[in-house]
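A short worksheet on the structure shown next.
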Amino acid sequence: MAPGAVALRPPLHRVERRAVVLWAARALAWTLPLTAALGATHALWSAAGPWTGPLLLAAAVLVPAHAVVMPLWRYRVHRWESTPDAVFAAEGWIVRQWRIAPVSRIQTVDTVRGPVEQLLGLATLVVTTASSSGAIAIRGLAPEAARAAADRLAEITRRTPGDAT
């Protein structure tokens, strides 16, 4: 490996367990309205019964299964770590993605807390790099951990030579 290169490896830290609730809520936020619209169509338009009935039956099984299985699976996969050399992130549930952002490529470090994240006591650490792949967003962190990581990364990048391009 070249001097200064950072090896791809699994990150050490799990996200907060409360992230499971966040992911389940987001899954239900788009599946329940669709299921309700399908149910209304089934109830109000009798000609639609032959195709909406089977779809409602499938939704009755798949929506709760998705809201339970997907968040638990994501919790098992999602990891993160920041070191003096790089930020590591692993995420996904069907498609898994591991990403590394070398400190010399970091342009901005932000923390974000949407309304549901605030309610659950969670935060997102967003590390923007000079990469066409876009920012690394690490969701499901404790606000204190996100803030501390952002502060630490800001200090490390300030001391790191290079122009982040």
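The Cα trace of region 67-151 gives Rg and Dmax of 13.0, 39 Å, the first to one decimal, the second as a whole number.
Using a simple spin-label model with pseudo-atoms 7 Å out from Cα toward Cβ, ALA148 and ALA47 lie 6.3 nm apart. Placing unit charges on the Cβ atoms only, positive for Lys and Arg and negative for Asp and Glu, gives the chain a dipole magnitude near 280 debye about its Cα centre. Size descriptors for region 36-85, from the alpha-carbon set: Rg then Dmax equal 19.0, 63 Å. Rg and Dmax over the alpha-carbon atoms of region 1-71 stand at 20.4, 69 Å. Let me test this: with uniform point scatterers at the alpha carbons of region 1-130, what is the Debye-based log₁₀ I(q)/I(0) at q = 0.17, 0.21 1/Å? For the requested q values the scattering log ratios are -0.95, -1.21.
The loop-placed trypsin sites (Lys or Arg not before Pro) in region 1-75, going by DSSP, that have at most 10 neighbouring Cβ atoms within 10 Å of their Cβ come out as ARG17. Entry for region 7-46 at q = 0.16, 0.25, 0.30 Å⁻¹: log10 I(q)/I(0) = -0.60, -0.83, -0.93, Debye formula applied to identical alpha-carbon scatterers, no solvent contribution.
Axis of helix 49-77 versus longest Cα principal axis of the chain: the two differ by about 20°, to the nearest ten degrees.
By the gyration tensor of its Cα atoms, with a ≥ b ≥ c the square roots of the eigenvalues, what is the shape of region 103-142: rounded for a/c under 1.5, prolate for a/b over b/c, or oblate? Please list the in-between numbers first.
Numbers: a/c = 3.38, a/b = 2.76, b/c = 1.22.
It is prolate, given that a/c is not under 1.5 and a/b is the larger ratio.
In the chain, the calculated helix contribution to ellipticity at 222 nm averages -16000 deg cm²/dmol per residue, counting -39,500 (n - 2.57) for every DSSP H run with n ≥ 4. Among the chymotrypsin sites (Phe, Trp or Tyr not before Pro) found in region 43-104, those both in a DSSP coil and sparsely packed, with 15 or fewer other Cβ atoms within 10 Å of their Cβ, are TRP45.
Within the chain, what whole-number % of the accessible surface is contributed by carbon and sulfur, with the 1.4 Å probe and all protein chains included in the calculation?
Percent of accessible area from carbon and sulfur atoms in the chain: 63.
The values are calculated or read from the model by the stated rules, or taken from the named source; none is laboratory data. None of the values given here were measured: they were computed from a predicted structure. For neighbour counting, all protein chains shown are included, and Cβ atoms are generated from backbone atoms with ideal geometry for every residue, glycine included. Accessible surface is based on the protein model in full, side chains and every heavy atom, while ligands, DNA and RNA are left aside. Shrake-Rupley method; radii C 1.70, N 1.55, O 1.52, S 1.80 Å.
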